[in-house]
């Protein structure tokens, strides 16, 4: 799981560049130095007193209780005044104060302060990272002094960039975390739907685990304070420890429930119970007495907890628990990426965008694998239900055979008929009641399976299978009643371009919004809106002629055109094209021919410029649509 608080290591190359200044052309950066403690001293003493400054070779200063100072020289080699940004990519630091000292003028620049104990609006640059602008005149030299306060691990992944690189990095980080949170939201909604259908507490605990991980990532990345709680620094300072605690507690509860740890007993259950009590105590301490929560030494318990949890899942896997297999693989993956992340923070590996966000990548892979484990459990339970159905059928046959034997015995033993008949009747009633209960349960299960098999999971409209069955019934009914039947075939215009440009999650949202509009206009008894495939939709309108269907299609087209969709601040509009075909009850056309006529009309709508309604060829004087 999440690991932190270890002692920093030493970089393999002592002369490696600690501050990434590749994207700061024209700026020369010197070797950074650090000194621990002395936060009460001012910047003048930091410059003038001999504090025994030490070269800084790794971006990890551990957990200095009295804070730290960092300094490094910069030199503008350009012939014009320029600006750069110092980006500190560890936004959970409590408070960071930066001042520039100009030795040529023997003066200090204005102090700039940022940190998670300050509101976002008080930072020098509003960003999810801690960002400080640096302005230097042509050929000017300066020394950057940083005063650092942190109640948690003090990590300093520093980067100096010009304005263009700063904007590009911000866009890239936003895209990366948007993909992460978008994928996590999809997984959360999927498991919430499973929770609603199955009423299994395991899915609720898994959703809580997902939300805890999202809370942790939002806190660690700085996007939480930037977007969700920008004006709540007294609380955001606690969120690092709170989110980490939840990321340890919620998966433990999930594992206990989903893998049924208690039934295995032994050391597996006892160790899990002790860990659960510890993390509940830690959670209460963070919420009620946060200033004393460090006495529980969470950073030292984290690594043993992860190893013990992995040992538990591996043990359950060895004992035949099928679901524990994917659990073990998922946690090994997360631990691997987390180790890469920590090695980079300790200075044993290069600290770049990949290693800095290594834990984020491992976390997402873990949740995908855990979702697969949950899906695997659904398949296992389905197989168990099928086996139960077969057992019930076998019991029914056995009951019928036993009944026949009793009837034969009654004919052969007339003298004991009354006594045997009473016993037999009581047994028959009891077993018939049991069989009726089994049959009723099977009917409910089959009805639910039928509903799921006839509904599109994305749009909640009817799927193509249900539509094809209904269309044949409506064609026969229309011929019997002498009433027309109209089919609308709609297709979202340029939907592939929307998917390619904004991504499939946004494309799915477009499909759901359009489906809601179609469903809203199909309220009559017998009307059916279905997803025909991809971005195509089909609607059946019994007892509806061509003109009325064209008016309905035009109303739906206008509503889709008025949709206002937003994707990351960009307004996206949609249009839809409809093909309309009406089946004359006197004609001998088949459902396939009726759909073919609607498809040709849809093709004509696409060829005519899209965002329009085209009715299949008119041939009768009154304007009715005829499919022959």
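When the alpha-carbon atoms of the chain are used, the pair Rg, Dmax equals 34.3, 125 angstrom. Remark on the stretch 273-399: hydrodynamic radius 18.0 angstrom, per the Kirkwood mean of 1/r across alpha carbon pairs. For the stretch 157-243, the convex hull spanned by the alpha carbon atoms encloses 113 Å³ per residue. Residue exposure proxy: 316, 310, ordered by other Cβ atoms within 10 angstrom of their Cβ from fewest to most, comes out as 310, 316. When 532, 85 are arranged by Cβ crowding within 10 Å, least crowded first, meaning fewest neighbours, the order is 532, 85.
Applying a 10 Å radius around every beta-carbon, put 241-252, 466-477 in order of their mean neighbour count, most first. Don't jump to the answer; show the numbers that get you there.
On the way: 241-252: 22.6, 466-477: 17.2.
Ranking, from highest mean packing down: 241-252, 466-477.
At a threshold of 8 angstrom on Cα-Cα distance, excluding pairs fewer than six apart, so keeping six or more, what relative contact order does the chain reach in percent? Normalised by residue count, the contact order of the chain is 10 percent.
Considering Cα pairs under 8 angstrom that are at least six residues apart, work out the relative contact order of the stretch 464-615 and quote it in whole percent. Computed value for the stretch 464-615: 31 percent relative contact order. To the nearest ten degrees, helix 464-481 and the longest principal axis of the Cα atoms of the chain are 30 degrees apart. With neighbour counts taken as other beta-carbon atoms within 10 Å, the residues 539, 386, 492, 280 rank, fewest first, as 386, 280, 492, 539. Only alpha carbons enter this Debye calculation for the stretch 464-615, each as an equal point scatterer, and the log10 of I(q)/I(0) it gives at q = 0.17, 0.20 Å⁻¹ is -0.91, -1.21.
Peptides 515-523, 396-404 ordered by packing proxy, namely the average of other Cβ atoms within 10 Å per residue, highest first: 515-523, 396-404.
If you scale each eigenvalue of the Cα gyration tensor by 5 and take the root, what three semi-axes come out for the stretch 167-381, rounded to whole angstrom and sorted largest first?
Values: eigenvalues 152, 90, 68 Å².
Ellipsoid half-lengths, sorted descending, are 28, 21, 18 Å.
Coordinate range of the alpha-carbon atoms in the stretch 20-161 per principal axis, descending: 43, 35, 27 Å. With the largest listed first and rounded to whole Å, the semi-axes of the equivalent ellipsoid of the stretch 241-287 from the Cα gyration tensor are 22, 11, 6. Separation of the stretch 295-318 and the stretch 35-98, taken as the distance between their Cα centroids, equals 36 angstrom. Peptide packing for 581-587, 153-159 was compared via the average number of neighbouring C-beta atoms within 10 Å per residue; ordered from the highest value, the list is 153-159, 581-587.
No value in this document is a laboratory result; all are computed from the given coordinates. The model shown is predicted, which means the values in this text are computed figures rather than measured ones. Here the Cβ is made from the backbone with ideal geometry for all residues, glycine too, and neighbour counts use every protein chain on show.
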